[in-house]
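Here's the structure we're looking at; comments come further down.
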Amino acid sequence: MASYPAKGTPLATFAPISVHTMAGRNASRNELPAQPAGLISVLLDQSAPYGDRSDAAMDLCEFDLPEAVAALRQVVADPTEDPDLRETCQESLQDLARRPNDG
């Protein structure tokens, strides 16, 4: 049976909770997965909640991969998509474009 804190307990006494984390991040080694397939799937799923899609768009800027860029561009180019989501995707594309090329 779960025990709950007494009414009026200050929130600061609870352990902090991460509201937004990089999807797929390995906390112990701070690594990202090799492929962003899950993020792309969420981003392109128009039935997914807006917040999940927006988070996926922001997280995809960590992947300088053709499939990530293509998914972001697809949302930007779709006039039926939410304008805020399109803007988030555009910002991720701009972040990728500003990143130095390691090749």
As a footprinting exposure proxy, order Thr88, Thr80 by other Cβ within 10 Å, with the fewest listed first. Thr80, Thr88
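Ranking Arg99, Arg53, Arg86 by Cβ neighbours within 10 Å, fewest first, what do you get?
On the way: Arg99 11, Arg53 23, Arg86 18.
Going from sparsest to densest Cβ surroundings: Arg99, Arg86, Arg53.
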Starting from the Cα of Ala70, move 7 Å in the Cα-to-Cβ direction to define the label point; list residues of the range 34-53 whose amide nitrogen is under 17 Å from there. 35-45
dims of the range 36-103, Cα set, principal axes, largest to smallest, nearest Å -> 37, 21, 16
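Every number in this text was worked out from the coordinates using simple rules, so none of it is lab data. Everything numeric in this text was worked out from a predicted model, so none of it was measured. FYI the Cβ positions are ideal-geometry reconstructions off the backbone, even for glycines, and counts take in every protein chain you see.
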